[in-house]
Structures are given as C-alpha cells and as structure tokens.
Amino acid sequence: MSSCCACFVSLREKCPRPHGLINLLITKACMLALLFGVLWAVTGNECLPGGKVFGIIIIFISAVLGGRLLGLVRLPRLPPVPPLLGMLLAGLVLRNVPYVTDAVYVDAAWSAALRNMALSIILARAGLGLDPAALRRLKAVCVRVAVGPCVLEACLVAVVSHFLLKLPWAWGFMLGFVLAAVSPAVVVPSMLLLQKEGYGTEKGIPTLLMAAGSFDDILAITGFSTCLGVAFSTGTTWMNVLKGLLEVVGGIVSGLVVGVFLCLFPSVDQEDLVMTRTFFLLAFSIFSVFFTHVIGSSGAGGLCTLVLAFLAAVGWGTDKAAVAAMLARCWDVFQPLLFGLIGAEMTIATLSISTVGLGIAVISLGLLVRLLATFVLVHCAGFVLKERLFIAIAWLPKATVQAAIGSKALDTARDEGDEAKIQFGLDVLTLAVLAILITAPIGALGIGLAGPRLLTRHVKASETGGGVTSQSVQDPVTFESRL
C-alpha cells in the first residue's frame, strides 16, 4: 500500500498540471456535465431534448454564455456593454431559431414560477439596499429625482399607449410603471466606477443616483402592482380602485409584521446567523409573491417583500451586508434565468410591425419626458448645468425591473384564459423587451462617456501634516482607459 502511495506521489510530481484558462474550462465543462448527469438520473426523459428540464438548462447555459461573451466586447474608449443584454439576446435567439425552438421547450408554468422567484430576489435586494441615512442626508433632491421622472413618464406612457396602442387605462398605467423604472443593474455598476475615479463625489452625485434608484424602482413596482390589481378585478371602477388600495395597505401591513419578526428571530447568539437570516428573508419573500398570486391579490406580494426586507435591514444594522452578499450570489444564478426566459417569451414572427413601431414611439416619448423632468427637478439642488445634464442621462437605462415585472400581467392573463387580456399582456411584454434592448446599451454608454466629460473629478493630491489637500480636474482619458 505504501509503495502505491509513493508511486502516486512521484507520478503527481512529474506530470504537468493544467493551470489558468485550461483548468478553468475543464472545471466548468465537468461541472456542467455532472449537473446534466445528476438531473438526467433524477428526472429521466424530462432532461432530454424536448423535456421541461432540458429547456431550462439550455436557456440558463446559453444566457450565461451570452452574458460572458457580450461582456468581453470592449470597444476603444467606450465602457463595456451590460452582460444582461447578452442574456436577453440568448433567450431571444433560442426562441426564434428553427428546430432549436422545438428542442428547447419551456413550460409556461415553470417559466412564470422561475421569473417570480427572480422577482422575489430583486425585491428583497431592493429592500435591503435602501439607506435611511442617505435619504435623510440627500433629503428633497433624492425624493424629487426618484418620484418626479417616474410618475411623469408613467402618466405620459399611459396616455400615449391608450390612444396609440388602444390599451385600456388600467393597462396603460401598468405599462407606464413598467417602463418608468430605472435599472439598478446598469446604473449602480456605472456609478461605482465613476465614484472610484472620483467623478462627482464632491457633490455626492453617484450616491444620489444609487439611493434614488432604489426608491424609483419601489415606486414603479408599487404603481404596477396597484394597476395590476385593478386590471384583473371584476366589478365597478371604484371597487377596483378600492381593491387596489386595499392590496397596497395589506402588503405594507403584512410586510411590517414579518419585518418585525425578522428583527427578533433569529437572535444574535444563534449559530449560522447569516444563513438563517438569509433563509428567512428568501422564504418569506418568495412565499409573499406566490401566496398573494394564489389568493388573487398579486399587487400585495411585491410591496410586502419590499417592506419586510427594508425593516429587517434596519433591525440588522451593519450586519445586513453579509445577508446582502448571499442574496447577490443567489441573484448570480437567477439573473441569467430571468433575462433568458424573458427573451424566450418573444416570438418575432408573431410581432406586428405597427406594434413595434408604435411601441418605439411610446418608449421614445417617455424617455424624452424623463430626460426633461430630471433636468428640471435637479435645478435647485446646487448642481451646475453639466452635472444636471449628466444626472438626466444617467436616469435613462432600463432593464432589471422591466424583465422582472414585464411578463407578470401576461402570466396572470394566461391563468385566467382571457384572450383579450393575453394580447394586452403580450403588448406590455413586447414594449418591456424593446425598452431593455434600446435603453440598456445606450444608457451604459451614455453614462460612461458623459461622466468624465460632464462631472468634476475630485482627487486627493497630497496628505501633509494630518491635512488633506485636493484638486478638481477634468480628465476623461484616465477613466475611459480603465474601462
């Protein structure tokens, strides 16, 4: 036995070991093969082409590869394209390529369930990310930037879509709030890059946009949830509005109750505290979204999740960072699924040119109003002209919220089996996908190019005698070269 061990050690020392990229590729390939093998052993034919599990696996792998490949595209002096765009395009390609579409079958119920789970994670992360201190510090300007452009864009989109796309008023406002949300997946990484280089930090512009982005998303999701409840209610208009308001109140109250529970349980003296808190937060979030859908009050689930996550974060204090990190790892898994499945919902052959053309017109008018409203609302906040222009440009990109809630109305309509509502839901989903395809790359490029040119760079020049001297410079080259 000892001689065999000695031979093995000698052989291990003499044989070369793969390192770097080769080792990484072999490792990932073996992981994928093992995953497929385990799923095949458990599910049998469902894991073969045409099966439900096979379709989910292929969409997940394709979305991950699409995001990675698009992330590798680097143009000179331009910021990288958001990987989520590659994930969306991967699902879109799988859905619309002949023969591949038949093999990659995705059950509608499974797709809706996975997208709702992704929505739960997004809402929980948004609630944890809210910073009461930042809100108190930025005060009125944060509220204006978060509320004004969102509400104005939603209202304009509702009016225009009612007359151009013939959507009922409730569906028009639902579409308005879907399109009105800014994308944290695009804005936050871009702001962190600018903040790292010192652009706009003296006046807190990156902090302002990251904080206001969370409130903007919450407002959009709240408005969407209320309109969703009204659109699928039966009875008089006033009763539908009352039901929507009751859903809002019910979601807030239930979120407060669960949030207080999360502040108290588990106690800080328990083992695996972070793991237990993460489990409770995820479980309550997913249960809230799914349970309210089952009882016919879909609008309350999202609000409940936001409130309970925010209250839990307040109770946990600085310890929430560890839970947020674990949620981020969960999001790494569900992000490709979300965008891949959203792309797979779109069948290009069934789209009408008029719907796409009018949809682009609706999106463009909404973006124009958002741009002007943002520029005007930050007028009295102490920013110069260039800074106000940058804030307006940074408030354009859309992606995450549109992918999360863009198909929710369609899923609800499919459950009811109402053909007219299914068509309305398809229109909402189509415009949500168009908004992502148009604004995500434009917004990311706009922020990356405009930031170094419109913002003042605040750089620490020297530290002497305990004091710090600083200088403000305009240097677009340094930032772009690091991108």
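The values are calculated or read from the model by the stated rules, or taken from the named source; none is laboratory data. Being a predicted model, the structure only gives us computed values, none of them experimental. Quick reminder, even Gly has a Cβ in these numbers, built from the backbone with ideal geometry, and neighbours come from all protein chains shown. Keep in mind that these areas ignore ligands, DNA and RNA; they rest on the heavy atoms of the full protein, side chains included. Shrake-Rupley method; radii C 1.70, N 1.55, O 1.52, S 1.80 Å.
Please sort through the DSSP H helices of the chain and keep those with an alpha-carbon extent of at least 27 Å along the long axis and a Kyte-Doolittle average not below 1.6.
Qualifying helices: 20-43, 52-72, 237-264, 273-294, 298-316, 353-377.
Treating only the Cβ atoms of Lys and Arg (+1) and Asp and Glu (-1) as charged, compute the dipole magnitude of the chain about its Cα centre; round to the nearest 20 debye.
The calculation lands at about 1140 debye.
Name the residue from G172, G443, P266 whose Cα lies farthest towards the positive end of the charge dipole of the chain, charges +1 on Cβ of Lys and Arg and -1 on Cβ of Asp and Glu.
G443
Hey, can you rank 409-421, 382-394, 51-63 by average C-beta count inside 10 Å, highest first?
Taking the mean over residues of other Cβ atoms within 10 Å, the ranking is 51-63, 382-394, 409-421.
Quick check for me: using +1 on Lys/Arg Cβ and -1 on Asp/Glu Cβ, what's the dipole size of the stretch 186-343 about its Cα centre, in debye to the nearest 20?
Here the size comes out at about 280 debye.
What is the local net charge at D332, summed over the other residues whose Cβ is closer than 13 Å to its Cβ (Lys, Arg +1; Asp, Glu -1)?
+3
Please report the net charge: other residues with Cβ closer than 12 Å to the Cβ of G296, K and R +1, D and E -1.
Result for the neighbourhood of G296: -2.
Output the peptides 438-444, 64-70 sorted from most to least packed, where packing is the average of other Cβ atoms within 10 Å over each peptide's residues.
Taking the mean over residues of other Cβ atoms within 10 Å, the ranking is 438-444, 64-70.
Counting only the backbone N, which residues of the stretch 35-66 are under 19 Å from the spot 7 Å out from the Cα of V93 toward its beta-carbon?
Only 55-66 pass the distance filter.
Restricting to DSSP H runs of at least four residues, report the calculated mean residue ellipticity at 222 nm for the chain, -39500 (n - 2.57) per run over all residues, nearest 500 deg cm²/dmol.
-26000 deg cm²/dmol
At a Cα cut-off below 20 Å, give the aspartates and glutamates reachable from K398, other chains included and same-chain residues fewer than 8 away excluded.
Candidates past the 8-residue exclusion: E153, D216, D217, D332, E345, D427.
If I take the Cα coordinates of the stretch 188-277 and project them onto the principal axes, what are the three extents in Å, biggest first?
56, 40, 18
Between the stretch 394-460 and the stretch 80-104, what is the separation of their alpha carbon centroids in Å?
The stretch 394-460 and the stretch 80-104 have Cα centres spaced 17 Å from each other.
Calculate, for the chain, the solvent-accessible area per residue in square angstrom, rolling a 1.4 angstrom probe over the heavy atoms of the protein chains.
Dividing the accessible area of the chain by its residue count gives 47 Å².
Can you list the equivalent-ellipsoid semi-axes of the stretch 166-316, largest first and in whole Å, using the square root of 5 times each Cα gyration tensor eigenvalue?
Each semi-axis is the square root of five times an eigenvalue, giving 30, 25, 11 Å.
Roughly speaking, what is the stretch gain from S267 to A103, that is 0.36 nm per residue apart minus the C-alpha to C-alpha distance, in nm to one decimal?
54.1 nm
Output the pairs from K243/K421; K28/K320; K166/K386; K52/K320 with a Cα-Cα distance over 29 Å in this structure; if there are none, say none.
Among K243/K421; K28/K320; K166/K386; K52/K320, the Cα-Cα distance tops 29 Å for K28/K320; K166/K386; K52/K320.
I need to check one value: relative contact order of the chain, counting alpha carbon pairs closer than 8 Å and at least 6 residues apart, in percent.
The value is 23 percent.
Can you give the local net charge around P83? Use residues other than it whose beta-carbon is closer than 12 angstrom to its beta-carbon, Lys and Arg +1, Asp and Glu -1.
0
I'd like the distance separating the alpha-carbon centroids of the stretch 164-230 and the stretch 330-378, in whole Å.
Spelled out, the Cα-based centre of one part sits 13 Å from the other.
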